[in-house]
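All of the numbers you see were taken from the coordinates with simple rules; none came from a lab. Quick caveat: nothing in here was measured; it's all calculated off a predicted structure. Positions of Cβ are backbone-derived with ideal geometry, glycine not excepted, and every protein chain shown enters the neighbour counts.
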Amino acid sequence: MWDAVLSREHHIEKIFPFGPNATEFMIYGTVKYKLKNGKMAEVPWGARAIMAKESSVWKMAFYQVYLVRAKPVS
């Protein structure tokens, strides 16, 4: 999937916690790709994240991204 990608830039637009004191979240944003062929693409994405506390430090225990197929914009 990443063979054609030179760089990418993620922008988080919204984070939705699953209730008060949640450790599970849905994240929504966009990612801009610069492709090796010189074209650019921008794709909306969503993710599910589960956080876990380890030795008083919050870490991501699970992360799964959902996105649609990139379409060049230039």
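Points to keep in mind about this one:
- Around the amide H of A61, modelled in the peptide plane, lie the amide H atoms of I50, M51, A52, all under 5 Å away and 5 or more residues distant in sequence or on another chain.
- Packing-based ranking of 18-26, 32-40 yields 32-40, 18-26, ordered from highest to lowest mean Cβ neighbour count within 10 Å.
- Normalising by residue count, the stretch 2-43 has a Cα convex hull of 71 Å³ per residue.
- Quarter of Cα convex hull surface for the chain, i.e. mean projection, nm²: 5.9
- HN-Hα J in Hz across the stretch 16-31 - Karplus 6.51, -1.76, 1.60, θ = phi - 60°, x for Gly and Pro: 10, x, 8, x, x, 6, 5, 10, 10, 9, 10, 10, 10, x, 10, 10
- Taking Cβ atoms as reference points and 13 Å as the exclusive limit, the residues near Y28 contribute a net charge of +1, counting Lys and Arg as +1 and Asp and Glu as -1.
- Sequence-distant lysines (8 or more away, or on other chains) whose Cα lies within less than 22 Å of K14: K32, K59
- Local net charge near M60, Cβ-Cβ under 12 Å (Lys/Arg +1, Asp/Glu -1): +1
- The chain: most fluctuating residue of V43, V57, V31 per GNM, C-alpha cutoff 10 Å: V57
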